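To keep things clear, I will list the structure first and then write my remarks on it.
The values are calculated or read from the model by the stated rules, or taken from the named source; none is laboratory data. Owing to the predicted nature of the structure, the values given are computational and were not obtained by experimental measurement. Using ideal geometry, Cβ is built from the backbone for each residue, glycine included, and neighbour counts are taken over all protein chains shown. Protein only, heavy atoms only, side chains kept; ligands, DNA and RNA dropped before computing areas. Shrake-Rupley method; radii C 1.70, N 1.55, O 1.52, S 1.80 Å.
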Amino acid sequence: MEKIIIFDTTLRDGEQAPGASMTPEQKLEVALQLEKLGVDVIEAGFPVASPGDFKAVELVSRNIKKCIVCGLARCIKQDIEIAGDSLKRAKHPRLHIFLATSKIHLKYKFKKPEDEILELAKQATRMSRKICSDIEFSPEDATRSERPFLFRVIEAVIKEGARTINIPDTVGYSYPQEIFSLITDIKNNVPNINKAVISIHCHDDLGMAAANSLSAVLAGARQAHCTINGIGERAGNASLEEVVMAIKTRKDAFKGLYTQVNTKELFRISRLVSSITDFVVAPNKAIVGRNAFRHEAGIHQDAILKKRITYEIMNPADVGIPESQLVLGKHSGRHAFDDRLKSLGFCLTQEQLNKAFERFKEIADKKKDIFDDDLRTIVEEEKRIVSPVWELNSFEVHSGTKIKPEATVILNKKGKTLTETSFGDGPVDACFKAIDKIVGCKGKLEDYRLESVTSGEDALGQVSLKFNIEDRIISGRGLSTDIIEASVRAYLDAINKLS
Ligand code: KIV
Ligand code: ZN
């Protein structure tokens, strides 16, 4: 059996999705979960990009022992040195350097001829090798590069000591047959290619990232770059759960190939990344979407009851999707709450547990039955909120078809109570405007989503929104049985990130 190395870049390319930025501590939380998931490589950031990214790579390096920890650098001395410094404490460090090789990039981005680019790639690899023994090289925009030049660059960097050659479809332009022929050509035209592992890195601009990655694997790539939930630059990257489950489910097509990912952890990490980045997973998202294993049509439901394989190609338990159970209600005590959270795999500090229990009680007062899905959402919500500056005290709205909506909001800030009233286009808008008056900021709402966590009239509603405040995209989430309250909580969550 041959292993497909899973290189996770959620914390680097995933984080490049607009509005998905993570703090170093959040990155560490995801990295620890990635280690549990069993990925081989964690690309933790682009250390030269910001002090926060440097700190994140350093923090992940210090705490991750089983996986290779990787930092990205351009083929520039300062980038390489800084990336090398951030990886110093890693048990298994990898330096990932990249340089574009396509005519388009050479002409418009670098304004340099091929020979100069080749020399830069060689020098950067040589320099990186002195800092780190494990070097991965990416010829950026490889799929739009002239093949003879691409082969020359690959051969040269392998000679300089690169151990992994990653082929990026940087702009998501390629399609499966083309990727297959590119990988095959690299194998046939780069004389020293057997000294390196071929890797693939696909973007999803045409919706083919996972298919392209799998095609590369069939052609001989032995490493795949992926992100959880497929988040990433523009339309995103190849989704890890899709690539991994395709290899596992279609053993007939991917003969003799396997990944070491513990697929039962997929659902949990998908939720974690969604909660940290505030990127809602689409209900129809393959593998981890809410509807991925739901059967609506009567004919399907009937057949599933007779034999699951009629309409199910994977077992939901294999990706860690639990059956939602009715578990708790307002009379449930702290012990039952704690026990249930442990069995759902949460590991909370005493402070987080107290906060989550308090919120659970508030919600259980309004909602008769609390299901596992509710519980999971409540806890994820409370875990995310760390010492908020602004807290909701209460609000009141007057609204109807014949009156202009008016809201009064009361917020607490460090023991002080502040009240404001405002009109708005709707009750939610009136609340946001009242909050703006108290906080003294004004954002432009870019995205607003409301989802119910479970079904029923008293279902919990979760609002996810994105605000543009001073050219920064700030996201927030809020949860309540009342959609106006969920919206207010989501807005405060976003504002607290700025405070
Ligand atoms: O898409 C891309 O080309 C990249 C490289 C840095 C690997 O993300
Ligand atoms: Zn990329």
Query - Check: the range 199-275 dipole with +1 on Lys, Arg Cβ and -1 on Asp, Glu Cβ, in debye - result: 340 debye
Query raised in the report: What list of ³J(HN,Hα) couplings, whole Hz, do you get for the range 89-101 from phi and the Karplus terms 6.51, -1.76, 1.60, once you set θ to phi - 60° and write x for glycine and proline?
Result: 8, 6, 6, 10, x, 9, 9, 10, 10, 9, 7, 6, 10
Report summary line: the range 272-417 accessible area per residue, 1.4 Å probe, protein heavy atoms, integer Å², reads 59 Å²
**Report entry** the range 160-301, accessible surface, carbon-and-sulfur percent (1.4 angstrom probe)
**Finding:** 51 percent
Query raised in the report: For the cross-link pairs Lys55/Lys437; Lys88/Lys355; Lys91/Lys255; Lys355/Lys497, which exceed 27 Å when the distance is taken from alpha carbon to alpha carbon?
Result: Lys55/Lys437; Lys88/Lys355; Lys91/Lys255
Query raised in the report: Which order do peptides 331-341, 81-91 fall in by mean Cβ count within 10 Å, highest first?
Result: 81-91, 331-341
Query raised in the report: HN-Hα J couplings of the range 27-39 from phi, Karplus 6.51/-1.76/1.60, θ = phi - 60°, integer Hz, Gly and Pro as x?
Result: 4, 5, 4, 5, 4, 5, 6, 5, 5, 5, 5, x, 5
Report task. Give the shape of the range 392-477 as rounded, prolate or oblate, defined through the alpha-carbon gyration tensor: a ≥ b ≥ c are the square roots of its eigenvalues, a/c under 1.5 means rounded, and otherwise the shape is prolate if a/b is larger than b/c and oblate if not. Result -> rounded
**Report entry** Surface accessible to a 1.4 Å probe, per residue, for the residues of the range 64-147, Å²
**Finding:** 48 Å²
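Is the shape of the range 340-395 rounded, prolate or oblate, going by the alpha carbon gyration tensor and its root eigenvalues a ≥ b ≥ c, with a/c under 1.5 for rounded and a/b larger than b/c for prolate?
oblate
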Query raised in the report: Using a 1.4 Å probe, what is the accessible area per residue for the range 434-493, in Å²?
Result: 44 Å²
Report summary line: If amide H atoms are modeled at 1.01 Å from N in the peptide plane, then the residues at a separation of 5 or more from Ala282, or on another chain, having amide H under 5 Å from its own are none
Requested in this report: Let me know the charge dipole size of the range 154-292 about its Cα centre in debye, to the nearest 20, where only the beta-carbon of Lys, Arg (+1) and Asp, Glu (-1) is charged.
Outcome: 600 debye
Query raised in the report: Mind listing the phi-derived Karplus ³J(HN,Hα) values for the range 110-115, rounded to whole Hz, using 6.51, -1.76 and 1.60 with θ = phi - 60°, and x for any glycine or proline?
Result: 9, 6, 10, x, 4, 4
Query raised in the report: Expressed as a whole percentage, what fraction of the accessible surface of the range 340-499 belongs to carbon and sulfur atoms when a 1.4 Å probe is rolled over the protein heavy atoms?
Result: 49 percent
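If you take every DSSP beta bridge whose two residues both sit in the chain, what share of them, in percent to the nearest 5, is antiparallel? If you can, show how the numbers build up before the last one.
On the way: 36 of 72 bridges.
For the chain, the DSSP antiparallel bridge percentage is about 50.
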Report summary line: Note on the range 254-344: alpha-carbon gyration tensor, axes a ≥ b ≥ c; rule is a/c under 1.5 for rounded, else prolate if a/b larger than b/c, else oblate; result oblate
Query raised in the report: Taking Lys107 as the anchor, which lysines have their alpha carbon closer than 30 Å to its alpha carbon, excluding any fewer than eight residues away along the same chain?
Result: Lys77, Lys122, Lys159, Lys187
Report summary line: With +1 on the Cβ of every Lys and Arg and -1 on the Cβ of every Asp and Glu, the dipole magnitude of the chain about its Cα centre, in debye rounded to the nearest 20, is 1160 debye
**Report entry** Residues whose placed amide H lies under 5 Å from that of Asn166, excluding near-sequence neighbours
**Finding:** Phe137, Ser138, Ser199
Query raised in the report: Under the rule of -39500 (n - 2.57) per DSSP H run of 4 or more residues, summed and divided by the residues of the chain, what mean residue ellipticity at 222 nm is obtained, to the nearest 500 deg cm²/dmol?
Result: -12000 deg cm²/dmol
